[in-house]
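Engineer: The structure that follows is given in the form of structure tokens.
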């Protein structure tokens with residue numbers, strides 16, 4: 001291929017349910033150039049996109065911030081929340097007053113959530129806990145820790161079987177302290193791929209936005225899939241996919257993410273400002289594609 005790769009354009013898909021509305025109706029076989037999809041946890045997609053093993057992906061917002069000069073954002077696609085997110089949860093075994101200076105076990109699946117927790121603990125509560133990485137299983141995580149951070153489907157399942165632990169929702173805490181949206185994941189493409197294959201990248205983007213639109217128009221298929229694969233109730237999944245989460249990326253989501261990046265820099269978690277630079281989409285039939293959304 002002209003981009004120097006001996007493989008199709010490769011698209012990374014977050015394996016958690018929170019990205020399903022964007023991917024569920026996406027069909028790579030209909031694209032004008034060959035494309036492949038890989039499904040991984042956010043941390044794996046972050047690394048593979050950074051190292052060029054894949055070409056475009058849904059990645060952690062924090063990972064985008066670290067490598068923003070190498071990527072374009074796909075307009076109007078994200079995993080965001082304005083308040084409770086239900087799948088970024090801190091389970092407290094000890095009182096909060098102890099946790100903020102105690103030991104917190106961390107899932108390593110998403111850099112955005114880990115650094116959001118550090119911002120909340122240190123900037124909002126004035127604490128300085130010790131952090132340790134752990135496999136995402138609640139009871140083992142809490143054996144030697146005062147609290148445990150779980151994300152995604154691990155957090156959802158643990159919240160359903162919670163054995164009396166206090167649970168803090170990081171999306172809700174962020175919104176309470178700042179009043180802003182929080183964006184946990186973004187869709188990004190490597191710039192060299194966008195420049196080498198602009199029409200293919202545009203077609204992939206159109207396919208993803210079409211999938212999102214169909215998901216919101218016809219919600220039952222995703223809810224049925226979640227019931228079958230994860231469990232829970234239809235009411236829970238309707239609320240989670242279409243009320244709790246938001247998959248747009250408009251001005252208010254951008255403002256919240258810019259504040260997150262600024263706080264991350266203030267705490268030394270990032271070493272430079274971040275530019276939210278969107279993919280320059282080719283002009284088609286006299287119209288430019290727009291990232292404007294109705295919020």
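Engineer: In whole angstrom, how far apart do the alpha carbon centroids of the range 196-232 and the range 68-139 sit?
Structural biologist: Answer, in whole Å: 26.
Engineer: Given R₀ = 51 Å, FRET efficiency for residue 98-residue 37 by Cβ-Cβ distance, to 0.05?
Structural biologist: Numbers: r = 44 Å, r/R0 = 0.86.
Computed FRET efficiency for residue 98 and residue 37 comes out at 0.70.
Engineer: As an exercise, use a Förster radius of 35 Å and the Cβ-Cβ distance of residue 272 and residue 235 to find the FRET efficiency, rounded to the nearest 0.05. Before the final figure, lay out the partial values.
Structural biologist: Details: r = 44 Å, r/R0 = 1.25.
My answer for the efficiency is 0.20.
Engineer: Remind me, relative contact order of the chain in percent, using alpha carbon pairs under 8 angstrom and six or more residues apart? Can you show the working numbers first?
Structural biologist: On the way: 542 pairs, mean separation 84.4, N = 295.
Reported as a whole number, the value is 29 percent.
Engineer: For each of 91, 242, count neighbouring Cβ atoms within 10 Å of the residue's Cβ, then give the residues from fewest to most. Could you put the intermediate results ahead of the total?
Structural biologist: Working: 91 24, 242 16.
Arranged by neighbour count, lowest to highest, 91, 242 become 242, 91.
Engineer: Something else about it: Multiply the residue gap between residue 15 and residue 53 by 0.36 nm, knock off their C-alpha separation, and tell me the result in nm, one decimal place.
Structural biologist: Numbers: separation 38, 0.36 × 38 = 13.68 nm, distance 1.72 nm.
Full extension of this stretch gives 12.0 nm more.
Engineer: Also, I was wondering about something else. Nearest 10 degrees is fine. How inclined is helix 198-217 to the longest principal axis of the chain, computing both from alpha carbons?
Structural biologist: Orientation of helix 198-217: about 60 degrees from the principal axis.
Engineer: Still on this model: Report Rg/Rh for the range 142-295, rounded to two decimals, where Rg is the Cα radius of gyration and Rh the Kirkwood radius.
Structural biologist: Values: Rg = 18.9 Å, Rh = 18.8 Å.
For the range 142-295, the value is 1.01.
Engineer: Working from Cα positions, state the angle (0 to 90°, nearest 10) between the long axis of helix 220-229 and the longest principal axis of the chain.
Structural biologist: Taking the Cα atoms of the chain, the angle to 220-229 is about 50 degrees.
Engineer: Right, something else. Once you have the Cα-Cα distance between residue 243 and residue 220, take 0.36 nm times their residue separation minus that, and quote the gain in nm to one decimal. Show your work: numbers first, answer last.
Structural biologist: Numbers: separation 23, 0.36 × 23 = 8.28 nm, distance 1.43 nm.
The residue 243-residue 220 span can extend by a further 6.9 nm.
Engineer: Sum -39500 (n - 2.57) across every DSSP H segment of at least 4 residues in the chain, then divide by the residue count to get the 222 nm mean residue ellipticity, nearest 500. Display every interim value, and only then the final one.
Structural biologist: On the way: 13 runs with 113 residues, N = 295.
It lands at -10500 deg cm²/dmol.
Engineer: Arranged by the count of other C-beta atoms within 10 angstrom, fewest first, what order do 93, 225 take?
Structural biologist: Ascending Cβ contact count within 10 Å gives the list 225, 93.
Engineer: Could you rank the peptides 229-238, 196-205 by their average count of other C-beta atoms within 10 Å per residue, with the highest value first?
Structural biologist: On the way: 229-238: 14.1, 196-205: 19.6.
Taking the mean over residues of other Cβ atoms within 10 Å, the ranking is 196-205, 229-238.
Engineer: How would the range 177-243 be classified by its alpha-carbon gyration tensor: rounded, prolate or oblate, with rounded meaning a/c under 1.5 and the a/b versus b/c comparison settling the rest?
Structural biologist: Numbers: a/c = 2.78, a/b = 1.60, b/c = 1.74.
Taking the square roots of the gyration eigenvalues as a ≥ b ≥ c, the range 177-243 is oblate.
Engineer: Going by a ≥ b ≥ c, the root eigenvalues of the Cα gyration tensor, does the range 88-178 fall in the rounded group (a/c under 1.5), the prolate group (a/b larger than b/c) or the oblate group? Present the calculation step by step, with values, prior to reporting the outcome.
Structural biologist: Values: a/c = 1.40, a/b = 1.22, b/c = 1.15.
Because its axes are fairly even, with a/c under 1.5, the range 88-178 counts as rounded.
Engineer: Calculate how steeply helix 251-266 sits against the longest principal axis of the alpha-carbon atoms of the chain, using the helix alpha-carbon long axis, and give the answer as 0 to 90 degrees to the nearest 10.
Structural biologist: It works out to around 60 degrees.
Each reported figure results from applying straightforward, stated rules to the coordinates on display, with no laboratory input. In this text the structure is predicted, and so the values were computed from the model without any measurement. Backbone-built Cβ (ideal geometry, glycine too); neighbour counts: all protein chains shown.
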